[in-house]
Amino acid sequence: MAWFLSNLRYVAWTALAVGALFLIYFAMGVAGYAFGDAGFWEALWRWTHVLSGIMWIGHLYYFNFTQIPNMPKIPDEQKPAIGKVIAPAALFWFRWGAMATLITGLALAGNQGYLVQALTLGGADDPSFAVPKHILIGIGMWLAIAMWFNVWFIIWPNQQKALNINNKYPDLDAAAKAAAGKTAMLFSRTNTFLSVPMLVAMTGASTLF
């Protein structure tokens, strides 16, 4: 068993395959949904949305609760291991987790038939603003979209500068790197703050209404 668990690719792909088989069996074999039924796709999009969200927010919390606070405790000669190896790998899963979360979330909302209503915070309902679920899930969606924007257009570009990822900014001076790193940190901390009300809105919309 150790040979299997020692290989992350084996574990990850097998887990995804088992998860897919679970979904297919219980959705089709037990619940009786056909492949084209909305219920089957709701289960699929919800599973992939939650899985992607764990990858995204898990890395967000790793950066803010583990890596950033403990970097000053690491001796200078050991810090390149974080900046050149661990951080770029974590940023890969972080940003693509954010992208997958956004795509699957929009797909789930479309599947449920409230995408436009949620994005307008209930304004597209008839009468307008009469469905609390659409208002609450819409708030969560807009918070998540703002967080996604921060990841792709502020945090990631600034981390590329601060860490010179893929040697994209070899001539950037130390002051510019420090400024980029601080900007990335501040927006990462902003996303940490936004993640809490975002999750309240997401989970509350599914359970309160």
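The values are calculated or read from the model by the stated rules, or taken from the named source; none is laboratory data. This is a predicted model, so every value here is computed, not measured. FYI the Cβ positions are ideal-geometry reconstructions off the backbone, even for glycines, and counts take in every protein chain you see.
Step by step: first the residues of segment 99-157, then only those that are among the polar types (S, T, N, Q) and under 18 Å from I54 (Cβ atoms), then the one that is surrounded by the fewest Cβ atoms within 10 Å (Cβ to Cβ). Which residue is that?
It comes out as T104.
Restricting attention to segment 98-138, and to residues there that are touching a helix residue (DSSP H, G or I) at 6+ places or on another chain (Cβ under 6 Å) and of a type in the set (D, E, K, R), which single residue is farthest from L194 (Cα to Cα)?
The residue in question is D125.
Can you go through A174, A184, A201, A180 and tell me which one is within 22 Å of Q117 (Cβ to Cβ) and assigned by TED's automatic domain parsing to the domain that holds I86?
A201
Any idea which of Y10, Y25 is more than 24 Å from K161 (Cβ to Cβ), exposed (fewer than 12 other Cβ atoms within 10 Å of the Cβ), over 21 Å from the mean Cα position of the chain (by Cα) and of a type in the set (S, T, Y)?
Unique residue meeting the criteria: Y25.
Quick one: what pairs do we get from segment 24-38, first residue outside the structural domain of N111 (by TED's automatic domain parsing), second part of a loop (DSSP other than H, G, I, E, B), C-beta under 6 Å, 6+ apart or different chains?
Close Cβ pairs satisfying both conditions: A27/Y33.
Only one residue in W96, W45, W56 is in contact with a Leu (Cβ under 7 Å, 6 or more places away or on another chain) and assigned by TED's automatic domain parsing to the domain that holds P157, so which one is that? Break it down into steps so the answer makes sense when it comes.
Numbers: W96 fails: in contact with a Leu (Cβ under 7 Å, 6 or more places away or on another chain); W56 fails: in contact with a Leu (Cβ under 7 Å, 6 or more places away or on another chain).
Just a single option satisfies the conditions, and that option is W45.
Select from segment 62-91 the residues that are outside any helix (DSSP H, G or I) and under 21 Å from the mean Cα position of the chain (by Cα) and list them in ascending order.
Correct list: empty.
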